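In what follows, a structure is listed as structure tokens, so that the remarks can point back to it.
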Amino acid sequence: MSVLLLLAAVVLGVAGLLTLARMTMGPTMLDRAISFDVLLSVTICAIAVDAAVRRTAENVPAMLVATLLGFVGSVSVARFSPGSDDVEAEAVDDEEGDG
């Protein structure tokens, strides 16, 4: 059991470090938002491993809050990033096509 726990910790740690590197190197805001989402997923996985090792469900609310935070953050970044307003772009395309 301890070998699997060590392996899971190493894999999650490496994934977290690579994600942090991508977050700092990302040239655009969307790259950073995606890497934040991946980092949040790695954190949720680490919380789940901790819950499995301790055999408790005390961490489930923390995982739920982290999941909702990631979802709301991703939707917000996608909505308010430049070029994401598809409704106005479709209206402009329709006006150009009719004329």
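The values are calculated or read from the model by the stated rules, or taken from the named source; none is laboratory data. Computed from a predicted structure; not experimentally measured. Here Cβ is always computed from backbone atoms with ideal geometry, including for glycine, and neighbour counts include all displayed protein chains. The protein model used for the area step is the full one, side chains on, heavy atoms only, and it has no ligands, DNA or RNA in it. Shrake-Rupley method; radii C 1.70, N 1.55, O 1.52, S 1.80 Å.
Filter the trypsin sites (Lys or Arg not before Pro) in region 5-74 to those in DSSP coil with at most 11 other Cβ atoms within 10 Å of their Cβ, and list the result. Don't skip to the end; give the middle numbers.
Details: sites: 22, 32, 54, 55; in loops: 55.
Qualifying residues, ordered by number: 55.
Starting from the Cα of residue 80, step 7 Å along the direction of its Cβ; do the same at residue 47; then give the gap between the two resulting points in nm.
2.3
Radius of gyration and Dmax for region 1-45's Cα atoms, expressed in Å?
12.2, 41
Not counting ligands, DNA or RNA, and with a 1.4 Å probe, what is residue 20's accessible surface area in Å² rounded to the nearest 10?
Estimated to the nearest 10 Å², residue 20 gives 80 Å².
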